[in-house]
Amino acid sequence: MRSPAVPAARVYQRSGIHDVALRRGYEACRRATRATGEIEYAVSLLLPPPLRTATWALYGAVRAVDDLADASCGTETPGSSSGSGGGTDPGRAGRLEAWISGFDADLRDGRSSDPVRQALIHTMLTWNLPPGFLHTLFEELRQDVQGRQFTTWQEWRHYNSLVNTPLVLRAGSLLLRAAGVSAEPEAIAAGVPGAAVAWQTAVDGLYLTDALVDLSDDLARGHVPLPQEALDEVGVCQADLLARRATPAFEELVRRLADRARAWLDRTPLPPVMHPAVGVALGAYTDLYRLRLKSAADDPAALLHRRPALPRGARLRLLLPARAKAALAWGLFPFPIRSCPPDPASADAPEAAGRAEERRTGAAQRRPTVPPTPHPSGARPPQLPAEAMPRHVAIVMDGNGRWAAARGLPRSDGHRAGADALIDVVHGALEIGLKHLTVYAFSTENWKRPADELHALMHEIPEGLRRLTDDGPPLDVRVRWAGVRSRLPADVIETLVEAERTTRDRTALTLTMCVNYGGRCEITAAAAKLAQDAVARRIDPGSVSEHAFARYLHVPELPDVDLLLRTGGDQRTSNFLPWQATYAELLFLDTPWPEVDRRDLWEAIEQYARRSRRYGSLPRIPAQLSTTGPSKP
Ligand code: IPE
Ligand code: IPE
Ligand code: MG
């Protein structure tokens, strides 16, 4: 009755979502969106399939988690899930935290056995949404569980600016990216003078509307979702509200709140450069909110008892032309998928299908990449099951100087030979299907070396990178830089930044170059930034989790290291990735780095595949081994 039947199978097909389990997760998200987000669902239908499914995953996952947290699925919450008296429900909070920490662990793996989490992870990876974004989502749920209480409008708006606005901006950035406009919320805000304040104001309008519409649900939980200041202005007392007394003062309150929300919504700016269909979708979104606000304001007394429904006729009068306009606009200006799954969990994961679709539709946007060149010996990579593959290998490329000295060559020759070794290893990483390779090229401690060696290194590092990224047709390798600018020559910084920029759409392998990198420096800088954000009240110190902290690292998206390899014979980590490698498998090779090639990488990965990783828990003994008994080499 409310929306046209969605041929869901086709939508998933056209979004590149082919895996049955993944579809199940998206379907759960779709149902949750339809059930709880009437407006969001209606607007999602104006979007092309990949954006539609992303909307379902983001909105629906949060609602589905909310439901999970609500369901009395344990013995901790006797009585109703809606709780009483507005206090925190520890059972609900506990279930929520369990879900979130399960999700964090799954996100590190890039996959989940829980269908809803898998859909959400798929969307995060497909659209390259940083983990911090999720924590904004989760923070909103946490605050819901705690029952938010605000004294002043300033506090109410401050909460919105911390939790809700970043969420809406991130979701909006999905649309803008699809429209071929800037992808970052900061850039959205920066694109229009005064836009940051205007976006904030618009989101305040949306949330105030929701506060009115959800009033009866909130009151049922003993919670008043409005600042005390708003009640005081008109002389409404909390007790009257909780007793659902429709006093004249309450009617005046609703009138004032509706006026305020309307004024905020009417200041909504639409970014000036935009795909017309995105404009239609955003326009419909705010218009539907205005309609929602009108139906709330029309019957104040009813708000105390039920959620007002959107009037069907007015809703259709809005949506039918929007649907026609959106279809026309998407037809005239086809959806230019600019993003792509940057980081599927494994080569055979469902995301691979998404990448195929992306390649089909987005080919014109990217310079074609070429496959890796085979090793001159004809060696081929070992075939390993996807679950045995490390996701992230990090290498301390050590031994250049000693390799050169042993040959009577200057140390600079060792560094040049080291760059050749890296290029071969990158080809091998692509061949074996590794997703993340991180290499230590220059540490913050290496400044202690003599000037002539520093000079050679500051030449060889950018030169090696240019050979990898600029010589010949490009490999499907995305380059990232982890390190600090301080003391680095400008041309080195420029080469690193330029390599990051020109390779940002490549997806097969992410090569993170650690140049002027030090682990303690990275953690200290992260702590300093976090402290600044806490002082500026952009982050609540009480909510700092490991995940929230990791957002401040040089490359927040860098996954945990699975295998840390050091060449050159020394057995230490020398300030390399202390945060990311806490549970890495360590492997030390005597071979100096210039003598290493892709076959050493493959051999190291095979050794890794034989290791048993326990993460502090008990060994997982494969069934066949436990019956035949362990064998000692
Ligand atoms: C690694 O090789 C490269 C850098 C540290 C920049 P080294 O230059 O440390 O080589 P060794 O350890 O002296 O042989
Ligand atoms: C580690 O090697 C740094 C790089 C490989 C870039 P070093 O050669 O600097 O390490 P230490 O000083 O021997 O520990
Ligand atoms: Mg060394």
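Annotations
- Whole-angstrom gap from segment 27-51 to segment 192-247, using each part's C-alpha centre: 25 Å
- Sites residue 454 and residue 21 - FRET efficiency at Förster radius 51 Å, r taken between beta-carbons, to 0.05: 0.45
- Compared with the alpha-carbon gap, the fully stretched path from residue 591 to residue 618 is longer by 6.3 nm at 0.36 nm per residue.
- Between segment 458-482 and segment 568-610, the C-alpha centres lie 22 angstrom from each other.
- Share of carbon and sulfur in the accessible heavy-atom surface of segment 387-610 [1.4 Å probe, %]: 49 percent
- With every protein chain in place and a 1.4 angstrom probe, the accessible-area ranking of 395, 523, largest first, reads 523, 395.
- Solvent exposure ordering (accessible area, 1.4 Å, most first) of 502, 247, 165: 502, 247, 165
- Take the Cα of residue 549, step 7 Å toward its Cβ, do the same at residue 531, and the gap between the two points is 1.4 nm.
- Applying a DSSP loop filter and a limit of 14 other Cβ atoms within 10 Å to the GluC sites (Glu not before Pro) in segment 404-453 leaves 445.
- Shown here for segment 541-617: trypsin sites (Lys or Arg not before Pro) in loop regions (DSSP other than H, G, I, E, B) with at most 11 other Cβ atoms within 10 Å, namely 572, 614.
- Other residues lying with their Cβ under 12 Å from the Cβ of residue 291 contribute a combined charge of +4, Lys and Arg counting +1, Asp and Glu -1.
- Note: relative contact order over segment 387-610, using C-alpha pairs below 8 Å and six or more positions apart, is 31 percent.
- Multiplying the residue separation of residue 263 and residue 237 by 0.36 nm and subtracting their alpha-carbon distance yields 6.9 nm.
- Pair-distance profile P(r), taking every C-alpha pair of segment 372-412, with 10 angstrom steps and integer %: 20, 22, 37, 17, 3
- Taking label positions 7 Å along the Cα-Cβ direction at both residue 316 and residue 8, the computed distance is 2.5 nm, reported to one decimal.
- On the basis of the beta-carbon distance and an R0 of 60 Å, residue 328 and residue 370 show a calculated FRET efficiency of 0.95.
- Farthest toward the positive end of the dipole of segment 387-610, out of 459, 527, 502, is the Cα of 527, where the dipole comes from beta carbon charges about the Cα centre.
- Taking other residues whose beta carbon is less than 13 angstrom from the beta carbon of residue 219, and scoring Lys, Arg as +1 and Asp, Glu as -1, yields +1.
- Solvent-accessible area of residue 497, all protein chains in place: 60 Å² (probe radius 1.4 Å, heavy atoms, ligands and nucleic acids excluded).
- Label zone of residue 388 (point 7 Å out along Cα→Cβ, amide N under 13 Å): in segment 416-458 this covers no residue at all.
- With K and R counted +1 and D and E -1, the other residues having a Cβ less than 14 Å from that of residue 103 yield a net charge of -3.
- If R0 is taken as 25 Å, the Cβ-Cβ distance between residue 109 and residue 523 corresponds to a FRET efficiency of 0.60.
- Put simply, the convex hull of the Cα atoms in segment 414-472 casts, on average, a shadow of 4.6 nm².
- Per-peptide average of other Cβ atoms within 10 Å, ordering 8-17, 96-105 highest first: 8-17, 96-105
- Counting only protein heavy atoms and a 1.4 Å probe, segment 387-610 has 42 square angstrom of accessible area per residue.
The values are calculated or read from the model by the stated rules, or taken from the named source; none is laboratory data. These figures come from a predicted structure and were not determined experimentally. When we count neighbours, we look across all protein chains shown, and the Cβ atoms used for this are built from the backbone with ideal geometry, even at glycine. Only protein heavy atoms, including side chains, enter the accessible area calculation; ligands, DNA and RNA are left aside. Shrake-Rupley method; radii C 1.70, N 1.55, O 1.52, S 1.80 Å.
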